[in-house]
Ligand SMILES: [Zn+2]
């Protein structure tokens with residue numbers, strides 16, 4: 001399965017992993033400073049070898065890879081970690097402590113839950129291989145990692161997952177957003193929420209505010225690519241989440257059928273409107289949008305139940 005590589009800035013490469021043959025769906029970043037290499041996000045098990053081959057193609061020795069930095073342990077972000085460690089002898093995996101048990105024993109909860117939620121998509125991602133416990137760095141809170149001549153700040157950003165973290169690279173002021181700031185398609189300038197159930201709207205909004213306070217120059221999205229208007233796009237996403245919430249709450253109040261929600265939101269959200277025009281080839285992103293609407297729907301129903 002072929003992948004593609006794009007150099008986003010000196011020493012930073014973005015891989016289109018082409019998971020399931022789909023373009024603009026899931027990516028991973030390779031960063032080099034001095035003789036050290038870090039991967040930010042590694043994609044699912046099924047495309048682990050694409051990452052290894054990309055390192056070879058760029059000319060980065062496998063033994064120089066020091067860190068696999070995971071924003072969270074969902075299959076599309078961290079599923080390749082266990083397999084990659086077999087090819088990268090000096091690498092450790094860094095993730096939030098709430099997520100690391102799922103890396104050590106992916107079978108127990110993560111794989112079963114993913115199958116239930118994602119259905120055939122879980123098979124497309126593949127079952128992750130376990131990560132040895134002694135190869136894991138568990139993050140509890142904010143921390144810094146010195147890396148070559150640079151620093152990665154670990155920024156807790158709960159919301160999409162309770163164990164979600166982002167990485168802020170001081171060189172170039174790059175924030176690796178994982179799923180904390182939605183999906184962004186630079187080729188179409190389309191921004192979409194990443195809010196599968198259970199949606200934690202309050203913490204998600206707060207996390208976006210935290211990212212804005214870093215005053216980043218670049219947002220590096222896993223889904224899918226780089227935005228060089230980082231603060232503007234984070235603010236746009238904050239507003240977008242509030243719009244979606246408002247739309248779905250109003251629709252429920254008016255008794256509108258759930259299958260009309262997507263069209264209803266697209267009247268108010270130009271990003272979604274634009275996406276629906278271009279969604280034909282973007283099946284992976286489209287599935288994400290459907291799950292995101294479900295997240296907002298469950299959230300709004302729960303709010304009503306509490307009223
Ligand atoms: Zn996720």
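Read the figures in this text as sums done on the coordinates, not as results from a lab. Bear in mind the structure is a predicted one, so any value in this text is a computation, not a measurement. Here the Cβ positions follow ideal geometry from the backbone for every residue, glycine too, while neighbour counts run over all protein chains shown.
Work out how much length residue 189 to residue 258 would gain on full extension: take 0.36 nm times their residue separation and subtract the Cα-Cα distance, in nm to one decimal.
22.1 nm
In units of 2.2 N^0.38 Å, what is the alpha-carbon radius of gyration of the chain? Could the numbers behind the result be given before it?
Working: Rg = 18.5 Å, N = 307, 2.2 N^0.38 = 19.4 Å.
Ratio of Rg to 2.2 N^0.38 Å for the chain: 0.96.
Which whole-number percent is the relative contact order of the stretch 168-307 (Cα, under 8 Å, 6+ apart)?
On the way: 181 pairs, mean separation 43.2, N = 140.
In percent, rounded to a whole number, it is 31.
Run the simple label-point estimate for residue 162 and residue 22 please: 7 Å along Cα→C-beta, distance reported in nm.
For residue 162 paired with residue 22, the spin-label model returns 2.8 nm.
Could you tell me how far the Cα centroid of the stretch 223-244 sits from the Cα centroid of the stretch 186-200, in Å?
Using only Cα atoms, the two centres lie 9 Å from each other.
Could you list 305, 236 so that the one with the fewest beta carbons within 10 Å of its beta carbon is first and the one with the most is last?
On the way: 305 7, 236 16.
Neighbour counts put them in this order, fewest first: 305, 236.
Need one word for the stretch 1-111: rounded, prolate or oblate. Basis is the Cα gyration tensor (sqrt eigenvalues a ≥ b ≥ c); a/c below 1.5 gives rounded, then a/b vs b/c decides. If you can, show how the numbers build up before the last one.
Working: a/c = 1.81, a/b = 1.27, b/c = 1.42.
Oblate, since a/c reaches 1.5 and b/c is not below a/b.
Do the sum for the chain: with -39,500 (n - 2.57) for every DSSP H run of n ≥ 4, divided by all residues, what is the mean residue ellipticity at 222 nm, to the nearest 500 deg cm²/dmol? Let's see the in-between values first.
Values: 11 runs with 118 residues, N = 307.
Counting only the DSSP helices, I get -11500 deg cm²/dmol.
Mean-square fluctuation check for the chain, GNM, Cα pairs under 10 Å: which of 167, 14, 147 is largest?
In this elastic network of the chain, the residue with the biggest mean-square fluctuation among 167, 14, 147 is 147.
Quick one: angle between helix 48-58 and the longest Cα principal axis of the chain, in degrees between 0 and 90, rounded to 10, please.
So the inclination is approximately 60 degrees.
Between rounded, prolate and oblate, where does the stretch 32-190 land on the alpha carbon gyration tensor, with a ≥ b ≥ c its root eigenvalues, rounded for a/c under 1.5, else prolate if a/b exceeds b/c? Spell out each step's value before the answer.
On the way: a/c = 1.34, a/b = 1.20, b/c = 1.12.
Rounded, because the longest to shortest axis ratio a/c is under 1.5.
For the stretch 1-39 and the stretch 245-271, compute the distance between their C-alpha centroids and round to whole Å.
36
Give me the angle, in degrees from 0 to 90, between the Cα long axis of helix 230-253 and the longest principal axis of the Cα atoms of the chain, rounded to the nearest 10.
Taking the Cα atoms of the chain, the angle to 230-253 is about 40 degrees.
Taking a point 7 angstrom from the Cα of residue 62 along the C-beta vector, which residues in the stretch 76-116 have backbone N less than 11 Å away?
84-90
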